[in-house]
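The values are calculated or read from the model by the stated rules, or taken from the named source; none is laboratory data. Bear in mind that the values here come from a model prediction, so they are computed numbers and not experimental data. Here the Cβ is made from the backbone with ideal geometry for all residues, glycine too, and neighbour counts use every protein chain on show. Only protein heavy atoms, including side chains, enter the accessible area calculation; ligands, DNA and RNA are left aside. Shrake-Rupley method; radii C 1.70, N 1.55, O 1.52, S 1.80 Å.
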Amino acid sequence: AGHLAEALEVNVSLKDLQLHCNAVGPAGGERIAKALAHNSSLRALSLHGNRTGDRAAVAMADSLQSNSTLRTLSLHGTGITDTGAFRIAEMLEGNSTLLELSLGANAISNEGAALFGNSLRLNSTLQELHLNNNRISDDGAGKIAEGLRVNTGLRELWLVNNTISSNGVLIFAEALEDNSSLSRLGLTATVRDPAASPSTSSSSPSFSPSASDASPSAKEAMLALQRCHTLRKAVKQVDDGQEKLHLQGAELSAKGVSRLVQAIKRSGTLSDLKLDGCRIDDQGAEQLAEALETSRSVTRVSLMNNSIGDSGATRLATAMDRNERVESLTLEGNPISDAVSTSITTPRLTTPRAGGMGMAASGSLGGRSPAGAPLSNVNLDLGRMSAAAAKAMTVAGQKQGQDMGALFPGEDPAQHDKELSQETAAQAAVSGSTEKRRSQSGALQPVEEEGWDWGGQVDEAQAPQEWAEGEWGEGWEEQAWAEGEYAAGEEGWQEGAWQEGRAPAA
C-alpha cells in the first residue's frame, strides 16, 4: 500500500484503482488517502473490504477537500464508525466533484446518519449514496429524509438492511413529496407482527403491503410510498409533454396537489385532465383554478367525487369564465350546496343538481356513491338514464327484470312507457356495437394495478429492485358509461354530458 501511494502521487494517467478485499490496514489506507491530495488523474478508487477504519476515512476526507478529480469512492466494509462518518459528511458539504459514495457494511449509527442528512442540504453534486447494512434506525432515517426535502442532486439512496421500521418508511414518503430529483430508493424495514410477542420482529426486503402479517402502520407506510410514486410519475408525464393525465382514485395530499398544479402551469401540451376521487378539497380546487385561468392547453377537466365545496366550486367557475379554452369541467359528486350549484351560470361547468348526487368516478360501473352508500340506494330517477346506465345500475345491485322506470311512485305512465321504449331501442344498438368490439379484441380486461418493487435483496450479490420503476400493466381503460349518450348504430360514444337523473320530488 505504501508503494502504491508513492506511485499515485506522481502518476498522471491512472483513472481507476480497485483494491477490493486485500489486506490493506489503517496505515496503508491512510497513505493511499493522503496521496489523493497530490493526484490529478484518478477518477475511481475502491478500498472495499479492507479494514482501513476511521484513520483512513479521516485522511480521505482531508484529501478530498483539495482533490477535484475523484468521482467515485467506495469505503464499503472498511470498519468506519461515526467518527469517520463525521469527517466524510463534513467534506461533502464543500465538495463539488464526488458523484458516488459507498459506505455500506460499516458501523454508522443515527449520529452519523444525521450528519449525512445535513450534508445533503448543502451538497447538490453527489448523485449516489450507499448506506446499506449499517446501524441506522428511524431517527437517523428521519434526518436523512429531512435533507432530501431540499436536496436537488441525489439520484439514488440505498438504506437496505438497517433497523428502519414502517414509521421510517412513512417519514421518507412524506419527505419525497418535496423532492423531485431522487429516482431510486433502496429500503427495507422491520415489520412487527401484531400477533407475535412485543419482542418478535421480522425483516421483509420486499415489504409488501398485502402481506397477511403486516401491521396497519406498515400498510399505511407503503400506501404513502405508492401515492408518492404515483404523484412523481404523474408530474414527470406532464413535464414530458403528455396530453392526457388520468389519476382517478390517487388520493393526493395537499402537497401532492400543489406539485401537480405547478406541473400543469408549466405544461403547454396537457389537454385532458381527470382527477376523479383524488380527495381534492377547496384549497386544492382553488390552486387548480389558478392553473386553469392561465393554461393554454387544457380543454377538458373532470374533478368528480372529491371533497370540493362551495368556495372551491365558485373559484373554479370564475376560472372558467376567465379562460374560454377550457371547454368542460365536471364537479359531479362533490359536496356543493344546491344554492351554489344553481347560482353557477357557466354552461361549460357541470355541478351536482339540486337534491341529486353525482355518479361514481369514471371507469367504475359498480362501486359506491360519494356518500359511501351502495349505488342501489342512490335516490336517482333511473327512468331518465340511458339504457346502458340503467343496465349498470342493475349490475350494481338492483334485481334483474325490475321495471327501472317505475321505481318511484307518482310517475306519469305515458311518459314512463315512452322512455322505456326509447331505452329498449338504444340498448339494442348498444348490444350490436359492444359485441363487435369484443369480437375484435376479446373480453375487456380491467387496468392492472401499478406494479412496484421496493427495497433490495438481502444478498448484495443480487441487484436490488428499485421502487421507482413500477409500471402500469397493459389493459383496457374502460369508458365510463356516464360520459355520453350512446348513438344509434355503431358510431360509439358521442362526446357530451350523460342524461343526468334527478331525485324525485319529495
task: Report, please, the projected area of the range 26-96 averaged over directions, based on the convex hull of its C-alpha atoms, in nm².
output: 3.9
statement: If the chain between residue 27 and residue 262 were fully extended at 0.36 nm per residue, the gain over the current Cα-Cα distance would be 79.3 nm
statement: Applied in sequence order to the range 96-110, the curve 6.51 cos²θ - 1.76 cosθ + 1.60 (Karplus, θ = phi - 60°) yields integer Hz couplings, x standing for Gly and Pro, of 10, 10, 5, 9, 10, 9, 10, 10, x, 6, 10, 10, 7, 9, 4
message: Ranking request for peptides 35-43, 138-146, 114-122: highest mean number of other beta-carbon atoms within 10 Å first, then the rest in descending order.
response: 138-146, 114-122, 35-43
- prompt: Extension gain residue 180-residue 9, at 0.36 nm per residue separation less the Cα-Cα distance, in nm?
  reply: 57.6 nm
- request: Enter the accessible area per residue of the range 210-356 (Å², integer; probe 1.4 Å; all protein chains in place).
  value: 43
message: Once neighbouring chains are kept in place and the probe is 1.4 Å, which whole percent of the accessible area of the range 244-335 is contributed by carbon and sulfur?
response: 42
message: How much length would be gained if the chain were fully extended between residue 251 and residue 71, taking 0.36 nm per residue of separation minus their Cα-Cα distance, in nm to one decimal?
response: 60.8 nm
query: Once label points are set 7 Å from the Cα along Cα→Cβ at both residue 125 and residue 44, what is their separation, rounded to one decimal in nm?
result: 1.9
query: Hey, what do the phi angles of the range 223-230 turn into as Karplus ³J(HN,Hα) couplings, whole Hz, using 6.51/-1.76/1.60 and θ = phi - 60°, x for Gly and Pro?
result: 5, 5, 5, 4, 4, 4, 5, 4
- prompt: Past the 20 Å Cα-Cα mark, which pairs from 143/219; 244/265; 34/143; 143/265; 219/244?
  reply: 143/219; 34/143; 143/265; 219/244
- prompt: Using the per-residue mean of other Cβ atoms lying within 10 Å as a proxy for protection, in what order, highest first, do the peptides 126-132, 254-260 fall?
  reply: 126-132, 254-260
statement: When every protein chain stays in place and a 1.4 Å probe is rolled, 100, 324 sorted by accessible area with the largest first are 324, 100
task: Kindly write out, for the range 28-40 in residue order, the coupling ³J(HN,Hα) from the Karplus curve 6.51 cos²θ - 1.76 cosθ + 1.60 (θ = phi - 60°), rounded to whole Hz, with x marking Gly and Pro.
output: x, x, 5, 4, 5, 4, 5, 5, 5, 5, 10, 9, 10
- line: Between the modelled labels at residue 150 and residue 337 (7 Å from Cα along Cα→Cβ) the distance in nm is 4.4
statement: Between residue 219 and residue 83, the two model label points (7 Å from Cα along the beta-carbon direction) sit apart by a distance in nm of 4.8
query: Going by the alpha-carbon gyration tensor, a ≥ b ≥ c the square roots of its eigenvalues, is the range 1-137 rounded (a/c under 1.5) or, if a/c is not under 1.5, prolate (a/b greater than b/c) versus oblate?
result: oblate
message: What does the C-alpha gyration tensor say about the overall shape of the range 69-174? Classify as rounded when a/c is under 1.5, otherwise prolate if a/b is larger than b/c, or oblate.
response: oblate
Percent carbon-and-sulfur accessible area, the range 112-182, ignoring ligands, DNA and RNA, probe 1.4 Å: 41
- prompt: If you roll a 1.4 Å probe over the heavy atoms of the protein chains, what accessible area per residue do you get for the range 11-131, in Å²?
  reply: 39
